[in-house]
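To start, the structure itself, in structure tokens.
The values are calculated or read from the model by the stated rules, or taken from the named source; none is laboratory data. A quick note: this is a predicted structure, and the numbers were derived from the prediction, not measured. Here the Cβ positions follow ideal geometry from the backbone for every residue, glycine too, while neighbour counts run over all protein chains shown.
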Amino acid sequence: MRALFSVALIWLLGSFALAQAQQVQYQAGVHYVVLPTPAATADPDKIEVAELFWYGCPHCYTLNPLVTEWSKTLPDDVNFRPVPAMFGGAWNTHGQLFYTLDSLGKLEETHDAVFNAIHKQNNRLADEDAMVDFLEDYGITEDEFRKAWSSFGVKSRIDQATRLARSYRATGVPCLIINGKYRIEGQMAGSYENMLKIAEYLIEQERQATQG
């Protein structure tokens, strides 16, 4: 009986220690940043995960397949939102490409292909002409691409993304913004996989805060 009691006590203490370790596993200022002012989210009824990225960033290219598969596993109360970083120059050009493709309903089909073109095929997609040539294989004509590229809707979304990047207070990519409140960076997280684990932790924190 005493042996059984000892085993039970060890199990209980071990479970308590594990629970405590999980609670303090990720800390603000160590593993993620608390934003001083919350950023706007697309859907206030859902917990948002925004991925700030740039097509030309090799780290974003590496993270892309991981975060894409991970985003498919998120529950219904979570909204995943890619946001191109608008830091000037090629960043803005590629951000405009992202929103142009989205407006044409071709983003899902071409998102990975754009990454591959830049990082595997050495096609920088640096201007409209290069984009037009590249996108012919995806059934996008030059006329419809250029119309969408210069449309008011695309320009409005570029302005919105520019404001978001400022509100995220990000200085690099990739990073994940959880519900407009927390910024997760690769350097703080230690790995791409840990970025996703920290995101899951913060999603749960937001869920409990909403339910509580």
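Among the residues of region 23-39 satisfying the criterion of being crowded, with 19+ Cβ neighbours inside 10 Å and not β-branched (Val, Ile, Thr), which is nearest to Asp77 (Cα to Cα)?
Out of the qualifying residues, it is Ala39.
Taking region 182-200 only, how many residues are out of contact with any Gly (no Cβ under 9 Å at 6 or more places or on another chain) and either buried (at least 20 other Cβ atoms within 10 Å of the Cβ) or more than 19 Å from Gln25 (Cβ to Cβ) (or both)?
Counting residues in region 182-200 that are out of contact with any Gly (no Cβ under 9 Å at 6 or more places or on another chain) and either buried (at least 20 other Cβ atoms within 10 Å of the Cβ) or more than 19 Å from Gln25 (Cβ to Cβ) (or both) gives 7.
crowded, with 16+ Cβ neighbours inside 10 Å and either touching a Lys or Arg at 6+ places or on another chain (Cβ under 8 Å) or of a type in the set (D, E, K, R) (or both): does that describe Val78? Walk me through it before giving the result.
Details: crowded, with 16+ Cβ neighbours inside 10 Å: yes; either touching a Lys or Arg at 6+ places or on another chain (Cβ under 8 Å) or of a type in the set (D, E, K, R) (or both): yes.
Against the criterion (crowded, with 16+ Cβ neighbours inside 10 Å and either touching a Lys or Arg at 6+ places or on another chain (Cβ under 8 Å) or of a type in the set (D, E, K, R) (or both)), Val78 qualifies.
Would you mind finding the one in Asp112, Asp159, Asp137, Asp102 that is modelled with pLDDT of 95 or more, over 21 Å from the mean Cα position of the chain (by Cα) and either surrounded by 17 or more Cβ atoms within 10 Å (Cβ to Cβ) or of a type outside the set (Lys, Arg) (or both)? Steps first, answer last, please.
Details: Asp112 fails: over 21 Å from the mean Cα position of the chain (by Cα); Asp159 fails: over 21 Å from the mean Cα position of the chain (by Cα); Asp102 fails: over 21 Å from the mean Cα position of the chain (by Cα).
After ruling out the rest, the residue left standing is Asp137.
Filter region 130-143 for residues that are assigned to a helix (DSSP H, G or I) and among the small types (Gly, Ala, Ser) and give the result.
The answer is Ala130, and nothing else.
Every residue, every condition in (1) surrounded by fewer than 21 Cβ atoms within 10 Å (Cβ to Cβ); (2) at pLDDT 95 or above; (3) part of a loop (DSSP other than H, G, I, E, B), yes or no:
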{"site": "Thr41", "(1), (2), (3)": "yes, yes, yes"}
{"site": "Glu51", "(1), (2), (3)": "no, yes, no"}
{"site": "Thr73", "(1), (2), (3)": "yes, yes, yes"}
{"site": "Pro82", "(1), (2), (3)": "yes, yes, no"}
{"site": "Phe98", "(1), (2), (3)": "no, yes, no"}
{"site": "Gln121", "(1), (2), (3)": "yes, yes, yes"}
{"site": "Arg124", "(1), (2), (3)": "yes, yes, yes"}
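Report the residue count in region 144-199 for those that are assigned to a helix (DSSP H, G or I) and either touching a strand residue (DSSP E or B) at 6+ places or on another chain (Cβ under 7 Å) or not aliphatic (A, V, I, L, M) (or both).
The number of residues fulfilling the criteria is 30.
Looking at Leu63 and the list (1) touching a helix residue (DSSP H, G or I) at 6+ places or on another chain (Cβ under 9 Å); (2) among the hydrophobic types (A, V, I, L, M, F, W, C); (3) more than 20 Å from Arg124 (Cα to Cα), which single condition is not satisfied?
Going through (1) touching a helix residue (DSSP H, G or I) at 6+ places or on another chain (Cβ under 9 Å); (2) among the hydrophobic types (A, V, I, L, M, F, W, C); (3) more than 20 Å from Arg124 (Cα to Cα) one by one, Leu63 breaks only (3).
Take Ala85 and decide whether it is over 20 Å from the mean Cα position of the chain (by Cα) and of a type outside the set (S, T, N, Q).
Considered against the rule, which asks whether it is over 20 Å from the mean Cα position of the chain (by Cα) and of a type outside the set (S, T, N, Q), Ala85 comes out as no.
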